[in-house]
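First comes the structure, then the notes that go with it.
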Amino acid sequence: MASQVLLVFLASVFVKAVCGASLMYPRVIPTPPTLPPHFSASFVETFSGKIVNKNNGTWYYDYGNKRARFDHGEGQMNNFCGGQGLSPKDPKAPCSLIFSPEGNMYVLYRESMTCCLLCGTEQGCTILRPDWIKKDSKLLYVEKINGDECYGYGKKGAVTTYDVLYSDVSGYMCRYHEVVAGITHNLTFNKDSFNWGPQPDYLFDVPKWCNRICPHPYTPPPQH
Ligand SMILES: *[C@@H]1O[C@H](CO)[C@@H](O)[C@H](O)[C@H]1NC(C)=O
Ligand SMILES: *[C@@H]1O[C@H](CO)[C@@H](O)[C@H](O)[C@H]1NC(C)=O
């Protein structure tokens, strides 16, 4: 590893000497990132195509303790949140998806204090593995996102054409991107919002009143 870095450094010095100041930095293509064991980050979520929508949100990820929480803010159209009748007056109200260490996934509308159990490990509702994009992915796109050069590694998803995770050279996630049935879905992360610290327990608490199974529990797509 050290010798690789040194080689790149020497090569960049050489290139700079030859080409002058126009080359600003060595182009090291990063490998697909492994998610850190715990972090949080906010994002802007967009849908475009047959559906056009925009909202904010936050990821809280704590793989070390086998728990995660994905918050989809005001105006959200998350397909796990809607469709359970939890917030009939305003299905687009803020909604949290919580993965508990027991392997359960809950849908929670905090404002209306309604919640239900959507699925468990038997339905494949387990927390995203830190290495999910590392395995079998390939570099599909290089794109400037919010001013950063981001490398999009992707692979075919269970229901998507492609799942793509864009990260910059230092491993910051820039964007998660998927296309499902002609609808482009992006989570574009706010770089300033990353918090790599341990995530506090209360974030992942499932309220006591969250005690029923969803009217339309999640079932995995059929395997081919
Ligand atoms: C999303 O967050 C930005 C920045 O904090 C804010 O200006 C914007 O109003 C928010 N959008 C929605 C739909 O809440
Ligand atoms: C979604 O992400 C793709 C891939 O990075 C990009 O081409 C597209 O412009 C993005 N759409 C929006 C609305 O941000």
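The values are calculated or read from the model by the stated rules, or taken from the named source; none is laboratory data. The model shown is predicted, which means the values in this text are computed figures rather than measured ones. Every residue, glycine as well, gets a Cβ built from its backbone with ideal geometry; the counts of neighbours run over all protein chains shown. Note: areas computed on protein heavy atoms with side chains; ligands, DNA, RNA excluded. Shrake-Rupley method; radii C 1.70, N 1.55, O 1.52, S 1.80 Å.
Computed over protein heavy atoms with a 1.4 Å probe, the carbon and sulfur contribution to the accessible area of the chain reaches 59%.
Placing unit charges on each Cβ (+1 for Lys and Arg, -1 for Asp and Glu) gives the chain a dipole about its Cα centre, and among Val164, Asn146, Tyr106 the Cα reaching farthest toward its positive end belongs to Val164. Largest accessible area first, the residues His177, His38 order themselves as His38, His177 under a 1.4 Å probe with ligands, DNA and RNA left out.
In the context of the full set of protein chains, residues of the chain present 57 Å² of accessible surface per residue (probe radius 1.4 Å, heavy atoms only). To the nearest 10 degrees, how steeply does helix 2-19 sit against the main Cα axis of the chain, on a 0 to 90 scale? Long axis of 2-19 versus the principal axis of the chain: about 60 degrees. Residue ranges 137-150, 58-71, 76-89 sort as 58-71, 76-89, 137-150 when ordered by packing (mean number of other C-beta atoms within 10 Å per residue, highest first). Summing charges over all other residues whose Cβ lies under 15 Å from the Cβ of Met113, with Lys and Arg as +1 and Asp and Glu as -1, gives +1.
A 1.4 Å probe, protein heavy atoms only, puts the accessible area of Ile127 near 20 Å².
Ranking Tyr153, Tyr202 from most to least accessible surface, computed with a 1.4 Å probe over the protein chains only, gives Tyr202, Tyr153. Taking the range 113-140 and a reference point 7 angstrom along Cα→Cβ of Lys66, the backbone N atoms nearer than 18 Å belong to 118-132.
Would you mind working out the magnitude of the charge dipole of the range 46-152 relative to its Cα centre, with +1 at each Lys and Arg C-beta and -1 at each Asp and Glu C-beta, to the nearest 20 Debye? Intermediate values should be presented prior to the final figure.
Working: 13 positive and 12 negative charges, 27 e Å.
So the dipole magnitude of the range 46-152 works out to roughly 140 debye.
With all protein chains present and a 1.4 Å probe, how do Asp205, Asp136 order by accessible area, largest first? Please list the in-between numbers first.
Numbers: Asp205 90, Asp136 140 Å².
My answer, sorted largest first, is Asp136, Asp205.
Exposure check, 1.4 Å probe, all protein chains in place: Val44 carries approximately 40 Å² of accessible surface. Positive contributions from Lys and Arg (+1) and negative ones from Asp and Glu (-1), summed over other residues with Cβ under 9 Å from the Cβ of Ile127, come out at +2.
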